[in-house]
1. Does ARG42 meet the test of being modelled with pLDDT of 95 or more and among the charged types (D, E, K, R)?
2. Sort out which residues of segment 11-48 are small (Gly, Ala, Ser) and part of a loop (DSSP other than H, G, I, E, B), and write them in order of number.
3. When you look at ALA22, is it touching a Ser or Thr at 6+ places or on another chain (Cβ under 9 Å), loosely packed, with under 12 Cβ neighbours inside 10 Å and modelled with pLDDT of 95 or more, yes or no?
Amino acid sequence: MAARKSSPRKIRLLKKTKQTSAVPAWIILKTKRGVRTNPKRRAWRSTDVEVG
């Protein structure tokens, strides 16, 4: 990927980075392990990000 990215594209990539994070430990404890995994988790290598 090119080093020179436009600001809107950087913002979209940052949003995707935040979305692919794991579920925080305190939420797992709060829900008594009802919520353990993030269903929207994305593998960075195998899945392409359509951000333009």
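The values are calculated or read from the model by the stated rules, or taken from the named source; none is laboratory data. From a predicted model like this one, the values you see are computed outputs, not experimental measurements. For neighbour counting, all protein chains shown are included, and Cβ atoms are generated from backbone atoms with ideal geometry for every residue, glycine included.
1. no
2. As a first pass, look at segment 11-48 and keep what is small (Gly, Ala, Ser): 21-22, 25, 34, 43, 46.
If the condition is that a residue be small (Gly, Ala, Ser) and part of a loop (DSSP other than H, G, I, E, B), then SER21, ALA22, GLY34, ALA43, SER46 are the ones that fit.
3. Details: touching a Ser or Thr at 6+ places or on another chain (Cβ under 9 Å): yes; loosely packed, with under 12 Cβ neighbours inside 10 Å: yes; modelled with pLDDT of 95 or more: yes.
Taking the combined requirement at face value, the residue satisfies it.
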